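The values are calculated or read from the model by the stated rules, or taken from the named source; none is laboratory data. Being a predicted model, the structure only gives us computed values, none of them experimental. Every residue, glycine as well, gets a Cβ built from its backbone with ideal geometry; the counts of neighbours run over all protein chains shown. We work out accessible area using only protein heavy atoms, side chains counted, and drop any ligands, DNA or RNA first. Shrake-Rupley method; radii C 1.70, N 1.55, O 1.52, S 1.80 Å.
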Amino acid sequence: GGDRFRPSLAGAGGYRVALVGEAPGADEAVSGYPFTGKAGFKLTRLIEWAGLEREKFDIFNVVWCRPPNNQLEGTPYENAAVAWWKPYWRPLLSRSSVVVPMGNVALNAFTGRKGILTARGYIGEANQEQLGVSCKVLPTVHPSFIQRGQSKYSAAFIHDIQKAVKVAQEGMVF
């Protein structure tokens, strides 16, 4: 079950930024930790290329159990699955100043809408009504999207997480 899934949480010296994905894949289902498979390897590389440290981010998924056929987006149970797991990740949000939803499922969970390619890189507020928590949201593409032939989004991802860390550390600077 889902009770053996654990988010990767930064220590006190963390960036106060949460990187939030969709759901565990095959490797994550075995390890019990988010982003330990191919997407996790890509995530680690992108973080390193950004000049940042993976251990300083909180990392979790909006759904903590592996969906059937590894498919969540667009399924009849997508919203129900996210709603079911929300109470588990909502307390983690108080640890972060900025949440980075990676991909459409996470974007929808925090903002109530999809369209990651147009939303990415823009800072907004989480849908407080839907979430019960106030936090800044800076969406970006999912590492597996980059890995599956969209490497042109690597620079955008790197820029987005650098921007998230800067906003968490310095606030909104205009």
Residue within region 84-99 that is at negative phi and in contact with a His (Cβ under 7 Å, 6 or more places away or on another chain) present:
no
Give me the helices (runs of 4 or more DSSP H) completely within region 1-117, filtered to those with at least 1 residues that are closer than 19 Å to C135 by Cα and acidic (D, E), ordered by residue number.
none
Check L93, L46, L52, L9 and return the single one that is touching a Pro at 6+ places or on another chain (Cβ under 9 Å) and hydrophobic (A, V, I, L, M, F, W, C).
L46
Restricting attention to region 110-155, and to residues there that are at pLDDT 90 or above and of a type in the set (D, E, K, R), which single residue is surrounded by the fewest Cβ atoms within 10 Å (Cβ to Cβ)?
K152
What number goes with the only condition from (1) out of contact with any strand residue (DSSP E or B) (no Cβ under 7 Å at 6 or more places or on another chain); (2) open to solvent by 10 Å² or more (accessible area, probe 1.4 Å) that L9 does not pass?
(1)
Can you tell me how many residues in region 78-96 are polar (S, T, N, Q) and open to solvent by 30 Å² or more (accessible area, probe 1.4 Å)?
2
Checking the condition touching a helix residue (DSSP H, G or I) at 6+ places or on another chain (Cβ under 6 Å), over 24 Å from G25 (Cβ atoms) and not polar (S, T, N, Q), which residue from G112, G171, G132, G124 passes?
G112
Can you work out which of the residues in region 28-77 that are in contact with a Lys or Arg (Cβ under 9 Å, 6 or more places away or on another chain), buried (at least 16 other Cβ atoms within 10 Å of the Cβ) and charged (D, E, K, R) is nearest to G112 (Cα to Cα)?
D58
